[in-house]
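Just below is one structure, and these are the notes that go with it.
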Amino acid sequence: MTGSKLKKLSLCIWTVAVLALVGAAPRLSYLKLAPSMASASTQALENSTAALSSEADSKDLTLLTKEVGIKFALTCTSLEFIGLHLESKGKLNTGAKAKFTGCEAYGKGTLEEALGCHIHSSGQPVGTIETGKGKGELVLHELAAGGKELLTKLEPEAGSTGTFATFLTEGCVIPEANPIHGTLFLKDGEKSAEVHLVKHLVEAGPLTSLWVGADNSEHLETSIDGSSWVKLGGEQAGLRWGAKDEGPQFTWVVLDEG
């Protein structure tokens, strides 16, 4: 964890991904490598998949926003991925979701004034928000000071005009139905995307553009804070992974040794 770690994580959802760039831009591939693998064997494993799981870093997971003139913070205490995998050609499988639990709303963008709302998504118990299906791609962001930064672009399955998630309220001053739209960019909070680690710290990156409800001037007051660890799950749990620069092409690698 770096000293620049933020205290809370966004409600907008999913997390580190591995995704392809198109055209002449660099591509991402997910490969599983054993230390002694020959190039031909490596190529044969390009269609492998690997599950991703999350590990808490911040005490709360928070979205700060303004809607119908009311500033508020939506905070949740835990995050679970639903069906999130790395796939070949650097893709994050379309259709993955996330589930947030322990969710509450607070006024004035702080944790000082509870709004007295019951928060949930459709079909979920109070305090639980399940996102819709997502997609994304890896992009290289040109930095103003020079150089490039590897980011993961995440969107709803229908694109930026689609809905990340809709949270419902009961007995609250904010609207009863609140869709979250836009595009989320994630970066490696420890600048170690190309280091093979058991877990990577991810947080909101530059270019993120999100809004709750209508896309109007209040759009500019929506922000996300925080960080979360992402690691491999399932059969690959405990293995090291990260990006590998192979000249004109980036490759995501999972090492067979932990």
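The values are calculated or read from the model by the stated rules, or taken from the named source; none is laboratory data. Computed from a prediction, not measured in an experiment: that's the story for all the values here. No Cβ is skipped: glycine too gets one built from the backbone with ideal geometry, and neighbour counts run over all protein chains shown.
Matching residues to (1) assigned to a strand (DSSP E or B); (2) over 22 Å from Val198 (Cα atoms); (3) of a type outside the set (Asp, Glu); (4) at pLDDT 85 or above:
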residue: Ser48; (1), (2), (3), (4): no, no, yes, no
residue: Leu64; (1), (2), (3), (4): yes, yes, yes, yes
residue: Phe81; (1), (2), (3), (4): yes, no, yes, yes
residue: Lys89; (1), (2), (3), (4): no, no, yes, no
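If you go through segment 196-206 and keep only what is part of a loop (DSSP other than H, G, I, E, B) and over 19 Å from Ala145 (Cβ atoms), you end up with His196, Val198. Every listed requirement among (1) surrounded by 21 or more Cβ atoms within 10 Å (Cβ to Cβ); (2) within 15 Å of the chain's Cα centre (by Cα); (3) at pLDDT below 90 is met by Leu201 save one, (3). Checking segment 222-242 against the condition returns a match, with at least one residue being at negative phi, assigned to a loop (DSSP other than H, G, I, E, B), of a type in the set (D, E, K, R) and touching a strand residue (DSSP E or B) at 6+ places or on another chain (Cβ under 6 Å).
Restricting to segment 140-167, name every residue that is crowded, with 19+ Cβ neighbours inside 10 Å and in a strand (DSSP E or B). Let's see the steps before the verdict.
Restricting attention to segment 140-167, the residues satisfying the condition of being crowded, with 19+ Cβ neighbours inside 10 Å are 150-156, 164-165, 167.
Within segment 140-167, Leu150, Leu151, Thr152, Lys153, Leu154, Glu155, Pro156, Ala165, Phe167 qualify.
Restricting attention to segment 168-195, the residues that are crowded, with 17+ Cβ neighbours inside 10 Å and either assigned to a loop (DSSP other than H, G, I, E, B) or of a type outside the set (D, E, K, R) (or both) add up to 16. For segment 204-235: of the residues being more than 19 Å from Leu52 (Cα to Cα) and hydrophobic (A, V, I, L, M, F, W, C), which is surrounded by the fewest Cβ atoms within 10 Å (Cβ to Cβ)? Taking the candidates together, the pick is Leu220. Of all residues in segment 130-170, those satisfying the criterion of being at pLDDT below 85 and of a type in the set (Asp, Glu) are Glu137, Glu142, Glu149, Glu170.
Filtering segment 127-157 to residues that are touching a residue at least 40 places away in the same chain (Cβ under 8 Å), closer than 30 Å to Ile70 by Cβ and not small (Gly, Ala, Ser) leaves Ile129, Glu130, Thr131, Lys153, Leu154, Glu157.
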